[in-house]
Amino acid sequence: MPRSKARQGSPFTGLGPVFMKEFADHLSSARMTVLLLFVIAFGAFPVASSLQELRTVSAADPFLFLRIFTLAPERMPISFALALNFIIPLMAIGLGFDSVNSEFSRRTLSRVLSQPIYRDALLLGKFLGGLATLAVTLTALWLIVFGAGLLLLGLPPRGVEVARAACFLMAAIAYGGVWLAVSLLFSVIFRSAATSALCALGLWLFFFLLWPMIAEAITLGFAPSQIRSAEEFLAVEQMGFALLRLSPGTLFSEAVLGLLNPETRTFGSLLPAQMRGVIPGAPLPFDQSLLLIWPQITGLIAGMIVVFAAAYVIFQREEVRA
Amino acid sequence: MSDDVIKIRGLSKLYGAARAVDAIDLDVRRGEIFGLLGPNGAGKTTTILMLLGLTESSGGTVDVLGFDPVRQPLEVKRRVGYLPDAVGFYDHLTARENLRYTARLLAIPRRDAEKRISDAMENVQLADVLDKRVSTFSRGMRQRLGIAEIVMKKAEVAILDEPTSGLDPHATHELLEMIRGLKKAGVAVLLSSHLLDRVQSVCDRVALFNHGRIALMGTVVELANQVLGAGHPLLVEASGIDIAGALQGVEGVQTVVAGGEGTWRVVADRDVRAAVAQRIVSSGGSLTRLADLQPSLEEVYTRYFQEARHAA
């Protein structure tokens, strides 16, 4: 009888139970409480300050509600969106850094894998469980900010503002997904949870602090010594942006800018020719803003999938025995 | 179909150039307890992992209950219970929650699962700690919880990797009773161990692993005959006369070796206890002890590896 090498049975057998267990574990864990406190402390302060400032603004602003997210108060130069830019990676790393290696250290992996499931289901269930936890937390945070805005500004948001804010929430979850996949990857590579956490945090610090400087240095190194035309300037600028956009944080902050500041038309410079007919300061319609940030959102999701795929490949080759 | 639940033919596993498992053949019959013995690193765990499809083999075929663990791992794992070496559970969950998770992975309907969990815990005498967190469990209790998982799963084959390592004598005894219980329930048991005297008491057949190969296979008596030579060994403790000289004359006695402190080890080709006793008493000696020496697996094991080392 000729035997095919293909394995039989769905790779998603058992995905549901794994997902439910991971989700329940995350929500009931002490770590989650700590992360929530952390998020509230870091998120509440910018929001409270920006709300205080916004209450004194009298000028008519069609997107007043969105300013809650983006306004950097004078006393504390961090907007809520910027705060999220570094809280989300920390949360995602906190949720994922020990997800696979803890199964090794608790010696549960071989027992769980001797049940009728494939490794695919285990890894995907862990990822989706973490992502769902992240989504629930961010949505709750988002709703709290929205509610606080309603109460303190006494002004209902317009439909388009709600839509923009909802897309902002989606972008935030996708951004979290990238870092969750990164921490999952490290938890597959390193058997020690401490090493995995250290590497994930190190990568985060690298992208957050060092990468902007490195990208600038590389760009300057490749730029011609004298920039003679606008085209040359644009080319150099494009290269700088391309390098910066390797960092998920850049993609996220650009997406936030495009969504929450409707006036944003481009992230770089506009040539005078492109500015023809533009009313300065006029907002873009929602669909145009969405089109502007579409590459950023796609980039985030693609990054998440690529990193997860790497974790998947490594996990499939891993020996089960501890 | 034959009565074999596990059929292994020419199974090999290479790690780089090292042969962890080297072309082994092995059959486990329905309802028997089969022991895989051998020093650490002889390939026992690797063989077990290949049976479950948790490690890919480098060659050979495996058939578990009519399924191929490489192509149909889900079917195999649905029917085979596995207790890994030093099994781990989720410490922050209770025993019930741990088993419930397994039941969900096995897609056992919820109402059915609760009944099966409590029955299984009853079976391994852990019913009173069903709702205690596993972090409070001793090593022996964890092993028993692992057995409960296999019972709950209603597995047809149970594969136990070093089930008694690290347990105190009492816990070991209890665990071996549970393994016998599995056999009574019609489950074929494959267990690996390096604790020989314990294994000897439960195993119907054993295979002795050495450097990835099966050196010897059969019942304990068969192995003893093969390694220690055929014959009935006796232990004689007597004084007063020249025992060696007196016993050489008994028909059937092959060798008489002094064991020190007034004891002799006698090997005969048949059961010569009555004749030996008569001879000693009739020649005026005082016989204080006469025992039939059961071939011990420990002896087989030690002797075999001594010889293997000499040969090498």
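The values are calculated or read from the model by the stated rules, or taken from the named source; none is laboratory data. Nothing here was measured: the structure is a model prediction, and the numbers come from that model. Cβ sites come from the backbone with ideal geometry, for glycine too, and all protein chains shown count toward neighbours. Just so you know, the surface numbers come from the protein's heavy atoms only, side chains and all, with ligands and any DNA or RNA stripped out. Shrake-Rupley method; radii C 1.70, N 1.55, O 1.52, S 1.80 Å.
Descriptive notes on the structure:
- For the stretch B:4-218, with all protein chains in place and a probe radius of 1.4 Å, 47% of the accessible heavy-atom surface sits on carbon or sulfur.
- Between helix A:230-244 and chain A: long-axis angle, C-alpha atoms, 0 to 90°, nearest 10: 30 degrees
- Computed over chain B, the alpha-carbon pair-distance distribution with 20 angstrom bins reads 29, 46, 22, 3, each value a whole percent.
- Approximating the spin labels as points 7 Å out from Cα along Cα→Cβ, the B:Ala18-to-B:Ile241 distance works out to 5.8 nm.
- Under 5 Å, built H, 5+ apart or other chain: amide partners of B:Leu36: B:Leu191, B:Ser192, B:Ser193, B:Ala207
- Here the 3J(HN,Hα) profile of the stretch B:128-139, calculated from phi with Karplus coefficients 6.51, -1.76 and 1.60 at θ = phi - 60°, is 6, 10, 3, 9, 8, 5, 5, 4, 8, 7, 7, 4 Hz, Gly and Pro shown as x.
- Lysines whose Cα lies under 26 Å from that of B:Lys153, excluding same-chain neighbours fewer than 8 positions away: A:Lys21, A:Lys126, B:Lys7, B:Lys44, B:Lys77, B:Lys115, B:Lys132, B:Lys183, B:Lys184
- Of all accessible heavy-atom area on the stretch B:229-298, the percent that carbon and sulfur account for (1.4 Å): 49 percent
- Tensor-based shape of the stretch A:1-154 (alpha-carbon gyration tensor, a/c under 1.5 rounded, otherwise prolate or oblate): prolate
- Longest exposed-site-free window of chain A, the sites being trypsin sites (Lys or Arg not before Pro) in a DSSP loop that have at most 13 other C-beta atoms within 10 Å: A:76-227
- Range in chain B, longest, excluding exposed trypsin sites (Lys or Arg not before Pro) [loop by DSSP; at most 15 other beta-carbon atoms within 10 Å]: B:155-269
- Taking θ as phi - 60° and the Karplus parameters 6.51, -1.76 and 1.60, the scalar couplings of the stretch B:172-186 work out to 4, 4, 4, 5, 5, 4, 5, 5, 4, x, 4, 5, 4, 6, x Hz in sequence order, x denoting glycine and proline.
- Averaged over B:44-53, number of beta-carbon atoms from partner chains that fall within 10 Å: 2
- Convex hull of alpha carbon positions in the protein assembly as shown: directionally averaged projected area 42.1 nm².
- Cα gyration tensor shape for the stretch B:229-298, rounded if a/c is under 1.5, else prolate or oblate: prolate
- Approximate spin-label separation A:Val306-A:Phe45, in nm, with each point projected 7 Å along Cα-to-Cβ: 3.5 nm
- Solvent-accessible area of the stretch A:2-105 (1.4 angstrom probe, protein heavy atoms only): carbon and sulfur portion equals 68 percent.
- Residues losing 40 Å² or more accessible surface upon assembly, the stretch B:54-80, compared with the chain by itself, 1.4 Å: B:Leu54, B:Arg71, B:Leu74, B:Lys77
- Think of a 1.4 Å ball rolled over the protein heavy atoms: the protein assembly as shown then has 46 Å² of accessible area per residue.
- Stretching A:Leu155 away from A:Glu232 to a fully extended chain increases their span by 23.0 nm, per 0.36 nm per residue minus the current alpha-carbon distance.
- Interface A:B - total buried accessible surface [probe 1.4 Å, Å², rounded to 100]: 3000 Å²
- Over the protein assembly as shown, dividing the summed -39,500 (n - 2.57) contributions of all DSSP H runs of at least 4 residues by the number of residues returns a 222 nm mean residue ellipticity of -17500 deg cm²/dmol.
- Comparing the full protein assembly with the isolated chain, the residues of the stretch A:74-120 losing at least 50 square angstrom of accessible surface (1.4 Å probe) are A:Arg106, A:Arg107, A:Arg111, A:Ser114, A:Gln115, A:Pro116.
- With Cα atoms defining each centre, the stretch A:155-222 and the stretch A:77-123 are spaced 15 Å apart in the structure.
- Three-way shape label, the stretch B:245-286, alpha-carbon gyration tensor, a/c 1.5: oblate
- Relative to the dominant Cα principal axis of chain A, helix A:159-189 is inclined by about 40°.
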